[in-house]
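The values are calculated or read from the model by the stated rules, or taken from the named source; none is laboratory data. All values reported here derive from a predicted model rather than from experimental measurement. As a convention, Cβ positions derive from the backbone with ideal geometry for all residues, glycine included, and neighbour counts pool all protein chains shown. These accessible areas exclude ligands, DNA and RNA; they are computed on the full protein's heavy atoms, side chains included. Shrake-Rupley method; radii C 1.70, N 1.55, O 1.52, S 1.80 Å.
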Amino acid sequence: MYSFSNIITLQADLKAGKTSCTALVEQAIAAIAEKKHLNAFIEVFEASAKELAKKTDDKIKMGTAGRLAGVVIGLKDNICYKGHKVSASSKILEGFESLYSSTVVEKILAEDAIIIGRLNCDEFAMGSSNENSAFGNVLNPLNEKFVPGGSSGGSAVAVAANLCHVTLGSDTGGSIRQPASFTGTVGFKPTYGRVSRYGLIAYASSFDQIGPITKTVDDAAIILEIISGLDKNDNTSSSKKVENYSKEILTDKKYKIAYLKECVEAEGLDPEVKAAVLKQMEWLKSQGHTVEAVNFPYLEYLVPTYYVLTTAEASSNLSRFDGMHFGFRSKNATDLESTYKKSRAEGFGKEVKRRIMLGTFVLSAGYYDAYYSKGQKVRRVIRDKTNEILKNFDFILTPSTPGTAFEFGKNSADPIKMYLEDIFTVQANIAGIPAISVPCGKHSNGLPMGLQLMAGYFEEAKLLSLAAKIPNN
Ligand code: GLN
């Protein structure tokens with residue numbers, strides 16, 4: 001059995017004949033079957049994965065294989081892969097097959113990655129615990145009574161439980177970083193516009209970004225380098241040159257790091273998470289970096305701003321799922337109008353409906369100014385303040401989440417409590433800046449904790465270079 005450590009070592013081992021792509025795919029299929037109860041994978045693309053493995057083994061022999069040869073990658077179930085099913089873990093997309101591949105899929109396939117299957121997530125990426133999936137809960141492999149985080153819960157678990165090497169997730173308000181922090185993996189949310197969103201099922205288009213979940217920061221750098229870049233199919237993708245992240249990661253500079261006083265003093269912050277973050281700050285200082293407290297007076301506005309704006313965008317994006325165009329159609333419908341109504345009523349889950357209603361409300365004529373316009377203005381204030389801090393500092397450091405993974409059912413009856421899970425992660429999406437969560441020691445409950453670093457627009461190279469050096473203790 002091959003024990004995967006990182007992409008670079010895997011490439012060397014494949015070249016040296018220590019393993020083969022076919023063996024790696026078979027190993028992944030066996031591991032997924034063995035850990036089926038974790039419910040991370042919704043579907044294994046067995047036939048196409050085996051075919052890719054065979055082709056790539058030939059390429060390795062000929063010396064023409066790409067940089068991701070043999071890397072077994074899982075996709076969150078909201079990333080399109082031509083000829084394969086995709087459902088955003090929703091009943092409303094039942095039976096739907098992608099008609100084209102997302103740009104990220106094209107890019108990883110061009111480097112000979114092997115896509116192994118699609119991963120469970122919260123329905124339409126709405127959630128923080130993976131309890132909102134039409135396919136059921138995903139279990140945290142570190143303690144199966146606990147949630148894996150969300151919405152990219154399956155993506156985080158697949159990496160943490162060694163079901164595949166790397167996964168792609170999407171992050172609108174923390175959906176890559178929070179599950180990474182709950183499972184002891186590395187989660188990276190790129191700058192808005194760094195990675196094409198073409199072929200990602202939209203939740204909130206001005207917040208969504210695709211990014212990797214990996215075992216190491218080095219692997220995140222490689223994946224990011226490959227999936228980033230301008231795309232003619234996504235007008236919001238940036239033409240800014242993609243740096244050589246896997247080389248830049250070696251940079252060893254002394255940085256100025258800000259931590260947000262309000263975050264560290266936040267009421268709901270677990271004392272052990274706080275202690276772990278303070279310990280990392282001391283370590284950073286001991287390495288010659290400067291760490292200083294700054295004030296961020298808008299902490300309490302982050303979550304409300306995020307939920308007003310993202311639900312507004314979601315209500316618009318999800319209007320296309322009407323029982324006519326895609327997937328599921330109600331059998332109880334009698335005419336066009338009832339097809340729309342019944343298909344949506346039966347096809348969407350509770351949380352998605354809650355957000356569509358909230359979003360429709362904040363966009364409605366009587367409340368648009370009071371909520372949506374106001375939310376946009378507050379977004380600007382938060383963004384300006386964040387940028388002002390990042391003018392004087394290289395990074396902003398926070399815990400990734402207020403606590404560790406929690407038990408199933410603990411927050412699901414109280415949406416506000418669940419939304420507060422996102423308090424530290426949504427700032428990066430509101431501002432559009434890159435952010436990473438890296439493992440940061442173990443809590444006395446045995447579960448991992450996460451440290452978040454944010455940097456300025458398109459400073460992913462710098463962000464990766466510091467993140468790679470953070471010790472996991
Ligand atoms: N937990 C957040 C939410 O429920 C973030 C979701 C995401 O990033 N897709 O909206």
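Observations, loosely collected:
- ASN473 falls short on exactly one of the conditions (1) of a type in the set (S, T, N, Q); (2) surrounded by 24 or more Cβ atoms within 10 Å (Cβ to Cβ); (3) over 24 Å from GLU313 (Cβ atoms), and that condition is (2).
- Inter-residue pairs, beta-carbon under 6 Å, first under 21 Å from GLN209 (Cβ atoms) and in the stretch 295-323, second aliphatic (A, V, I, L, M) and not in a helix (DSSP H, G or I), 6+ apart: VAL303/ILE423; THR310/ALA204; GLU313/ALA204; ALA314/ALA204; ASN317/ALA202
- Filtered residues of the stretch 410-451 (kept if touching a strand residue (DSSP E or B) at 6+ places or on another chain (Cβ under 8 Å), open to solvent by 10 Å² or more (accessible area, probe 1.4 Å) and outside any strand (DSSP E or B)): HIS443
- Just one residue in the set TYR306, TYR203 is crowded, with 23+ Cβ neighbours inside 10 Å and either part of a loop (DSSP other than H, G, I, E, B) or at pLDDT below 95 (or both); that residue is TYR203.
- Which numbered condition PHE182 fails, given (1) out of contact with any helix residue (DSSP H, G or I) (no Cβ under 6 Å at 6 or more places or on another chain); (2) open to solvent by 30 Å² or more (accessible area, probe 1.4 Å): (2)
- Applying the set (1) part of a loop (DSSP other than H, G, I, E, B); (2) touching an Asp or Glu at 6+ places or on another chain (Cβ under 6 Å) to HIS325 leaves exactly one unmet item: (2).
- Residue check, SER373 over 26 Å from GLU459 (Cβ atoms), of a type outside the set (A, V, I, L, M, F, W, C) and part of a loop (DSSP other than H, G, I, E, B): no
- When the stretch 141-174 is filtered for residues that are in contact with a helix residue (DSSP H, G or I) (Cβ under 8 Å, 6 or more places away or on another chain), away from the ligand (no atom under 16 Å from the Cβ) and assigned to a loop (DSSP other than H, G, I, E, B), the ones remaining, listed by number, are PRO141, LEU142, GLU144, ALA161, ASN162, LEU163, CYS164, HIS165.
- Where a residue in the stretch 127-149 is of a type in the set (Lys, Arg) and its partner, wherever it lies, is assigned to a loop (DSSP other than H, G, I, E, B) and away from the ligand (no atom under 12 Å from the Cβ), with Cβ under 8 Å and at least six apart: LYS145/PHE408
- Filter pass, SER343 being of a type in the set (Gly, Ala, Ser), in a helix (DSSP H, G or I), farther than 26 Å from PHE424 by Cα and at pLDDT 95 or above: yes
- GLY327 vs. criteria open to solvent by 20 Å² or more (accessible area, probe 1.4 Å), in contact (Cβ under 8 Å) with a residue 24 or more places away in the chain and on the phi > 0 side of the Ramachandran plot: yes
- Checking GLU388 against (1) crowded, with 21+ Cβ neighbours inside 10 Å; (2) modelled with pLDDT of 95 or more, the condition it does not meet: (1)
- All told, THR311 meets the bar of being touching a Leu at 6+ places or on another chain (Cβ under 6 Å), crowded, with 20+ Cβ neighbours inside 10 Å and on the phi < 0 side of the Ramachandran plot.
- When residues of the stretch 330-385 are limited to those that are aliphatic (A, V, I, L, M) and crowded, with 16+ Cβ neighbours inside 10 Å, the one nearest to ASN317 (Cα to Cα): ILE356
- Output for the stretch 272-303, where each listed residue is out of contact with any Asp or Glu (no Cβ under 7 Å at 6 or more places or on another chain), part of a helix (DSSP H, G or I) and either open to solvent by 60 Å² or more (accessible area, probe 1.4 Å) or within 16 Å of the ligand (Cβ to nearest atom) (or both): GLU272, LYS274, LEU278, LYS279, GLU282, TRP283, LYS285, SER286, GLU300, TYR301, LEU302
- Filter pass, LEU269 being open to solvent by less than 30 Å² (accessible area, probe 1.4 Å) and of a type in the set (A, V, I, L, M): yes
- Residue that is farthest from the ligand (Cβ to nearest atom), among those in the stretch 397-414 that are under 23 Å from LYS189 (Cβ atoms) and of a type outside the set (S, T, N, Q): LEU397
- Subset of the stretch 123-140 (residues that are more than 9 Å from the ligand (Cβ to nearest atom) and farther than 27 Å from SER3 by Cα): GLU123, ASN130, GLU131, SER133, ALA134, PHE135, GLY136, ASN137
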